Amino acid sequence: LEGIGLFGTIPDNLFDSWAHLEFLYLNDNDLVGELPRSIANAKSLEVLWLGGNNLGGPIISEIGAMTSLIDLSLESNFREDKGGKRGFIMTLPPEVGSLTSLEILVLADNALSGSLPMQLGDLISLRHLHLNSNFFESQLPTALGNLEMLEEMDLSFNWLSSTIPPEIGNMISLQSLAMESNYKDENGYFSWGIHGKLPSEIGNIKNLRHLHLNDNYLSGSLMTEIGQLHLLETLHLQNNFLVGPIPDYSTCVKLEEIFLEDNNVDGALYSMPDRICRLPELELARVDCDVPCNCCRGC
């Protein structure tokens with residue numbers, strides 16, 4: 001039932017009669033209203049796709065009863081039109097931690113807010129976590145370090161105000177980590193989000209291919225431990241407050257992009273190492289124009 005023009009609300013008793021349903025694809029329609037509380041009866045449901053609609057209201061606590069769920073996708077319900085703003089709102093309920101079979105959780109492009117619940121760390125089967133483009137705030141829960149099966153985590157474009165906990169180094173299956181653009185603009189004043197020093201434990205995530213932490217308030221020196229990420233393909237650290245020197249990341253032999261501009265690297269003291277410039281896969285390198293670099297573009 002994907003993209004066939006369904007409209008109206010989801011009937012309150014829908015899941016009373018569909019208790020044995022295993023797969024439900026209602027994405028990319030024009031459904032409105034809130035999730036029915038009868039959803040708690042869908043104990044056999046493994047896949048629920050409701051993305052790309054006009055649904056709203058809270059993600060109800062009854063969702064924790066759907067213990068067979070493997071894939072829960074509610075993304076892109078945030079719309080603004082003459083009827084006002086829609087989208088899933090309020091906090092992510094702690095009951096989501098009961099979905100221990102869940103492998104995919106996609107809640108991007110909504111209006112969710114509040115702190116990320118520590119119960120996310122109970123989702124030990126999770127492989128994909130996409131919570132980007134919401135209004136989540138506060139500190140990252142250290143329990144995220146329990147997600148050793150996680151391959152993708154996208155927390156970008158929120159209002160998080162947090163350091164990166166060292167427990168992130170326990171996420172040994174992680175291939176893509178995105179936390180860029182976590183800031184809040186209040187009357188022209190930015191209260192920045194991801195801050196502090198990068199934890200050295202990031203160097204333990206040996207499968208990491210994409211590290212995107214740009215447009216935040218990270219400080220301290222560019223860390224040498226990134227050089228331990230031999231599979232890394234894209235490194236985006238631009239627009240932070242990081243200082244030099246630029247370590248020799250030539251051990252990241254698959255590196256295609258390295259963006260370090262708009263930091264506090266002193267070009268009178270430091271330069272881009274030539275060994276980085278000679279990496280065979282490198283396509284784009286960027287630093288500030290006053291930092292000597294033989295392979296950078298844009299200056």
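The values are calculated or read from the model by the stated rules, or taken from the named source; none is laboratory data. It should be emphasised that the depicted structure is a prediction, and the values quoted were computed from it without experimental measurement. Cβ sites come from the backbone with ideal geometry, for glycine too, and all protein chains shown count toward neighbours.
For residue 129, state whether it is more than 28 Å from residue 282 (Cα to Cα), in a strand (DSSP E or B), among the hydrophobic types (A, V, I, L, M, F, W, C) and modelled with pLDDT of 95 or more.
Values: more than 28 Å from residue 282 (Cα to Cα): yes; in a strand (DSSP E or B): yes; among the hydrophobic types (A, V, I, L, M, F, W, C): yes; modelled with pLDDT of 95 or more: yes.
Yes.
Residues of the range 242-299 being touching a helix residue (DSSP H, G or I) at 6+ places or on another chain (Cβ under 9 Å) and among the hydroxyl-bearing types (Ser, Thr, Tyr), which ones? Even if it seems obvious, please write down each step before you answer.
Initially, the range 242-299 is screened for residues touching a helix residue (DSSP H, G or I) at 6+ places or on another chain (Cβ under 9 Å), giving 246-252, 255, 258, 282, 285, 293-296.
Across the range 242-299, the qualifying residues are 249, 250, 251.
Looking at 163, 100, which one is in contact (Cβ under 8 Å) with a residue 12 or more places away in the chain, among the hydroxyl-bearing types (Ser, Thr, Tyr) and in contact with a helix residue (DSSP H, G or I) (Cβ under 8 Å, 6 or more places away or on another chain)?
Within the list 163, 100, the selection yields 100.
Being touching a strand residue (DSSP E or B) at 6+ places or on another chain (Cβ under 7 Å) and either over 18 Å from residue 195 (Cα atoms) or in a helix (DSSP H, G or I) (or both) is the filter here; which residues of the range 133-152 pass it?
To start, the set of residues in the range 133-152 that are touching a strand residue (DSSP E or B) at 6+ places or on another chain (Cβ under 7 Å) comprises 134-140, 150-152.
Correct list: 134, 150, 151, 152.
When you go through 112, 74, 105 one by one, which is the residue that is touching a residue at least 12 places away in the same chain (Cβ under 8 Å), aliphatic (A, V, I, L, M) and either under 15 Å from residue 28 (Cα atoms) or touching a Cys at 6+ places or on another chain (Cβ under 8 Å) (or both)? It would help to see each step written out before you state the result.
Numbers: 112 fails: either under 15 Å from residue 28 (Cα atoms) or touching a Cys at 6+ places or on another chain (Cβ under 8 Å) (or both); 105 fails: either under 15 Å from residue 28 (Cα atoms) or touching a Cys at 6+ places or on another chain (Cβ under 8 Å) (or both).
That would be 74, the only listed residue that is touching a residue at least 12 places away in the same chain (Cβ under 8 Å), aliphatic (A, V, I, L, M) and either under 15 Å from residue 28 (Cα atoms) or touching a Cys at 6+ places or on another chain (Cβ under 8 Å) (or both).
Surrounded by fewer than 18 Cβ atoms within 10 Å (Cβ to Cβ), over 18 Å from residue 236 (Cβ atoms) and either in contact (Cβ under 8 Å) with a residue 24 or more places away in the chain or among the basic types (Lys, Arg) (or both), is that true of residue 169? Explain how you work it out, then say what you get.
Values: surrounded by fewer than 18 Cβ atoms within 10 Å (Cβ to Cβ): no; over 18 Å from residue 236 (Cβ atoms): yes; either in contact (Cβ under 8 Å) with a residue 24 or more places away in the chain or among the basic types (Lys, Arg) (or both): yes.
When the stated conditions are applied, residue 169 does not pass them.
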